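The values are calculated or read from the model by the stated rules, or taken from the named source; none is laboratory data. Computed from a predicted model, the values in this text were never measured in an experiment. Virtual Cβ from ideal backbone geometry, glycine too; neighbours counted across all protein chains shown.
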Amino acid sequence: MLDRDFSEPVLNSRDIFYKINSSPHYSEGIDEILQKASSVLIILPDITRKSGACFFLKELIDRIESYGKTFSFIFAVGTHRPLTVDEKREILTDEVYEKYSQHIIDHDPDDTESMTYYGKTKHTTPVLLNNAYFDHDTIIPIASVSYHYFAGFGGARKMILPGIASRKSAVNNHKLALDERAKKRHPYACTGNLKQNPVHDDIVEAVMIARAGKNFFAINTILNENGEIVDVEGGDLFISHIKACERLKELTKVEVSDKYDLVICSCGGFPKDINMIQAQKSIDRVKSIVRDGGKIIFFAECKDGYGNETFENFFDYTSTSEMAEKLFDEYRINRQTAFNLRNITEQFDCYLYSRLDEEDCKRMGFRKINDTGKINELLKESEKGAFVPNASLVYFENGIQQ
């Protein structure tokens, strides 16, 4: 079994506020920031990502109100679907939703009339952000730091771009994960890497362009397998994120010296496998430890199916070569995601245990598994196998990480 046991104690609200007040990175503590604020915008991830905010959001609001400040919430949906009321309740908690639902601002990436333009990056990404960002002087993005298959890591800085940006902004930024000359993924746009990562660099530049007149206090959490907070880094948007990324690697690093014939892996449960767009990030995590032509058995519920039609319909192209030609000719968000998954299912012999039916599995390059009998058969055929129960919380190292 390849896994890391999070033995670190779970932080409660008091622990969290003690740390982000006493040890902020290149920033005053959260209370000093709030005292100087005029109006506060709290940016939260959508239902596809847990942040742990539910454990301390009530106290954050109490502190904001104790200083007589106004505040709003906005959900960083990026280009994802809108949230349902039940999902908003889950993120905020019932108590907070009941009392403060009127403070919620909904983001629509296609409603450019509700956005402010700040300029564009050197890669021509338009910095077009929800007006809520313009209307508040103090910005508190809250997110868990996790591995991302082309941005390197998730975290608070992604709550701004693509989180509350226009679709055009997100598309241009995500396209940087591709190397147009080589017609493949950019070598530095990969899991666990920020150095020379064009997607990350573009996000940083975009936020710097829109930063004038804003005070940031980022809250980057690190969650265990149960979604509980085991560490937090707060303060400057970028430095706190880097520190959280370093800490995540410390907690999740697993050294692997050789590749396996068979790897059985799971996303680690909801919401990491809410749909295949999200779930594929986990199979991407384990590909580096499987020998070429080896087998992967992937567990992903995918109760929301593929995730969206753009992703689903791109599997009408049956090979990576066909996909690449269309992708570089007419880029769309999640076509790239489908292209990435197809690369994996072409390189390895992939099996899927999921709500998705046999035809859908086949379209993506998987063979559907319905019971443990086939798994036992595949295990007997393999000389060297591994089980990765929570692929999103493991970072493989020791020379074979891709």
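Numbers for the structure displayed
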| read-out | value |
| --- | --- |
| Top-ranked residue of the range 166-183 - restricted to ones that are in contact with a Pro (Cβ under 7 Å, 6 or more places away or on another chain) and among the hydrophobic types (A, V, I, L, M, F, W, C), ranked as surrounded by the fewest Cβ atoms within 10 Å (Cβ to Cβ) | 170 |
| Meets criteria (part of a loop (DSSP other than H, G, I, E, B), within 24 Å of residue 232 (Cβ to Cβ), in the same structural domain as residue 162 (by TED's automatic domain parsing) and not polar (S, T, N, Q)) for residue 89 | no |
| Criterion: under 24 Å from the mean Cα position of the chain (by Cα), within 19 Å of residue 148 (Cα to Cα) and of a type outside the set (S, T, N, Q) - qualifying residue of 355, 342 | 342 |
| Qualifying positions in the range 276-316 - aliphatic (A, V, I, L, M) and in a helix (DSSP H, G or I) | 276, 277, 279, 283, 286, 289 |
| Single match in 109, 24 (criterion: over 26 Å from residue 392 (Cβ atoms) and at pLDDT 95 or above) | 24 |
| Residue match in the range 380-399 (condition: in a loop (DSSP other than H, G, I, E, B) and within 19 Å of residue 323 (Cα to Cα)) | no |
| Which numbered condition residue 257 fails, given (1) touching a residue at least 60 places away in the same chain (Cβ under 8 Å); (2) surrounded by 17 or more Cβ atoms within 10 Å (Cβ to Cβ) | (2) |
| Inter-residue pairs, beta-carbon under 6 Å, first closer than 19 Å to residue 277 by Cβ and in the range 353-373, second among the small types (Gly, Ala, Ser) and surrounded by 12 or more Cβ atoms within 10 Å (Cβ to Cβ), 6+ apart | 354/300 |
| Lone qualifier among 7, 51 - being out of contact with any Gly (no Cβ under 7 Å at 6 or more places or on another chain) and touching a residue at least 60 places away in the same chain (Cβ under 8 Å) | 51 |
| Only one of 150, 75 that is among the aromatic types (Phe, Trp, Tyr), assigned by TED's automatic domain parsing to the domain that holds residue 220 and not in a strand (DSSP E or B) | 150 |
| Residue within the range 92-103 that is assigned by TED's automatic domain parsing to the domain that holds residue 42, acidic (Asp, Glu), free of Cβ contacts under 8 Å to residues at least 24 places away in the same chain and over 23 Å from residue 221 (Cβ atoms) present | yes |
| Test: residue in the range 139-146 that is within 21 Å of the chain's Cα centre (by Cα) and part of a loop (DSSP other than H, G, I, E, B) | yes |
| Residues being touching a helix residue (DSSP H, G or I) at 6+ places or on another chain (Cβ under 9 Å) and either modelled with pLDDT under 95 or not aliphatic (A, V, I, L, M) (or both) - total across the range 324-342 | 13 |
| Single residue of the range 205-218 satisfying the filter (within 20 Å of residue 136 (Cα to Cα) and in contact with a Lys or Arg (Cβ under 9 Å, 6 or more places away or on another chain)) that is surrounded by the fewest Cβ atoms within 10 Å (Cβ to Cβ) | 209 |
| Inter-residue pairs, beta-carbon under 6 Å, first acidic (Asp, Glu) and in the range 18-44, second part of a helix (DSSP H, G or I), 6+ apart | 31/21 |
| Selection within the range 187-241 - at pLDDT 95 or above, within 19 Å of residue 393 (Cβ to Cβ) and β-branched (Val, Ile, Thr) | 221, 222, 229, 230, 232 |
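Listed here are the residues, each with its yes/no results for (1) more than 19 Å from residue 194 (Cα to Cα); (2) in contact (Cβ under 8 Å) with a residue 24 or more places away in the chain; (3) not assigned by TED's automatic domain parsing to the domain that holds residue 384.
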residue: 226; (1), (2), (3): yes, no, yes
residue: 230; (1), (2), (3): yes, yes, yes
residue: 245; (1), (2), (3): no, yes, yes
residue: 261; (1), (2), (3): yes, yes, no
residue: 265; (1), (2), (3): yes, yes, no
residue: 274; (1), (2), (3): yes, yes, no
residue: 296; (1), (2), (3): yes, yes, no
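Matching residues to (1) out of contact with any His (no Cβ under 8 Å at 6 or more places or on another chain); (2) free of Cβ contacts under 8 Å to residues at least 40 places away in the same chain:
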position: 124; (1), (2): yes, no
position: 131; (1), (2): yes, yes
position: 156; (1), (2): no, no
position: 175; (1), (2): yes, no
position: 194; (1), (2): no, no
